[in-house]
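Have a look at the structure below, then the notes.
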């Protein structure tokens, strides 16, 4: 084992907590099925696509008999998509469940994400291997990847790998896209008489993979607490120096759960919620005006400082920006070679004036050149604008600066404005998992094994009642098809797990909305501090404010 820090050594020894039912002898844990389920929408279409796995019932575990649990098994596991704190503990929990049931059973880890299954590139876990990764962050135990299993050749390669290793099951640890893939793979295996079952585990720091039975995705707790510590540190600095406005972008392209949770933890002056911007059709000018009003008011009372939290995907929710991005994606993909041959920004701008609508070009032309260039940077694999690389925080800071200059010229603002911009993203994805995520992830993995041992496929591992102590958590599973609808992807209607967005009538957002006018102009900062791993439960084991509010 390589040299490790004192904290890492201590975390190796941490024993994650389990729901009470999972502490029983494994042959005394039985699965109980509830009512049949329906997808969230598009039931008729999804019944056809998932003819063998659609509409399965809810499942919970309770005391009972399970004679099959001690059967020798071969199981594979895949880490899919972006990293999230706790992934190693899902694998640890899965491994411990397998070995507790039968020491002769084997857990294989497919390397580099789903491509590891396609290529049959794997490692075989043993105690020493697993022990180096318990309660640590990252996905480096086997690596991850974003390959999708979608072509006939990829499906056949997956079948070949499953048969070669005689796999009883594959566990896919991932977000909405990865678990959509898990559902499709489960259906394919079932339709083609492949005995291998497929189980998913809910991962994403964005927090947008959830419903009533999946209360949160793992990694969200750790990432939000990591970002909130940094935001709190900046708030303390801002309140000390009293001369800077900090514009802080946090991860969350499709949903603003991270931004909202960080706001609830730190009470920054402004927090923008993409879902609200879209619902109210707020323009860049209106957003700028909202921030500017707070800057002016605070300059008269508190000082020339403040903090603004911005979700990563905000630019896609501003109407004129959304329209611009759509046109850019369309025109630049259709005429990619022609556009890419242009030598400099001036030539590209001239090309856009001829190819975009007048409205879209006017929006593009209004952008600061440094930001406009980012809209034209390297495309993603589908030819689309890489929104995460657009410095939305700088765009807003510059827009506010310009608006304040107008007000100063009109004699309506006498303060000083100086901004700093930050993006907190990768800082949180591989952090040491909090006790909550360490416990939750270990339980998800252990629970996934019991789903496999109970003979089900196409299910997502579910641990509920998460605002209570771990001993009172409820273990079970839900069919992946329950979370699905049909959406247009790359010009085709496809089955996907629906993302859970911030609900504007939900308690977390309403709590923010109730307080934001005060927080905007008064200095109400709170300082979460560093994640604590040892000490009182009320300090170390608490879930997010979002989860507490949602479960009240």
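If each DSSP helix of 4+ residues adds -39,500 (n - 2.57) and the sum is divided by the residues in the chain, what number results at 222 nm, nearest 500 deg cm²/dmol?
-13000 deg cm²/dmol
Could you please tell me the mean projected area of the C-alpha convex hull for the chain, averaged over all directions and given in square nanometres to one decimal?
With the hull built on Cα positions only, its mean projection is 27.0 nm².
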Distance from the Cα centre of segment 340-406 to that of segment 287-307, in angstrom? 27 Å
Ranking request for peptides 48-57, 543-552: highest mean number of other beta-carbon atoms within 10 Å first, then the rest in descending order. 543-552, 48-57
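Just want to confirm a number: the relative contact order over segment 316-387, from Cα pairs under 8 angstrom separated by 6+ residues, in percent.
Values: 46 pairs, mean separation 27.5, N = 72.
Worked out over segment 316-387, it gives 38 percent.
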Taking Cα atoms, the helix 435-453 axis meets the longest principal axis of the chain at an angle in degrees (rounded to 10) of 40 degrees
Take every Cα pair under 8 Å in segment 402-502 that's 6+ residues apart, average their separations, divide by the length, and report that relative contact order as a whole percent. 14 percent
Starting with the fewest neighbours, write out 302, 104 ranked by other beta-carbon atoms found within 10 Å of each beta-carbon. 104, 302
Give me the distance between the Cα centres of segment 437-458 and segment 89-111, rounded to whole Å. 11 Å
How long are the semi-axes of the ellipsoid equivalent to segment 316-387, from square roots of 5 times the Cα gyration tensor eigenvalues, in whole Å, largest first? 16, 14, 12
Principal axes of segment 72-152: Cα extent on each, largest first, Å: 36, 28, 15
In degrees from 0 to 90, rounded to the nearest 10, what is the angle of the helix 507-521 Cα long axis to the longest principal axis of the chain? 30 degrees
For 328, 376, order by how many other beta-carbon atoms lie within 10 Å, fewest first: 376, 328
Paramagnetic label zone (point 7 Å from Cα along Cα-to-C-beta, residue 65; backbone N under 17 Å) in segment 417-461: 454
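Sequence gap at least 6, Cα distance under 8 Å: using those rules, report the relative contact order of the chain to the nearest whole percent. All intermediate terms of the calculation are to be shown ahead of the outcome.
On the way: 1139 pairs, mean separation 133.7, N = 552.
Relative contact order of the chain: 24 percent.
Given the chain, what percent of its DSSP beta bridges are antiparallel, to the nearest 5?
Beta bridges within the chain, antiparallel portion: roughly 40 percent.
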Any chance you could give the angle, 0 to 90 degrees and rounded to 10, that helix 87-101 forms with the longest Cα principal axis of the chain? 10 degrees
Specify the inter-centroid distance of segment 472-511 and segment 195-215, based on alpha-carbon positions, in whole Å. 10 Å
Which value results for Rg/Rh of segment 409-552 when Rg is the Cα radius of gyration and Rh the Kirkwood radius based on the inverse mean 1/r? 1.07
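Read the figures in this text as sums done on the coordinates, not as results from a lab. Computed from a predicted model, the values in this text were never measured in an experiment. Using ideal geometry, Cβ is built from the backbone for each residue, glycine included, and neighbour counts are taken over all protein chains shown.
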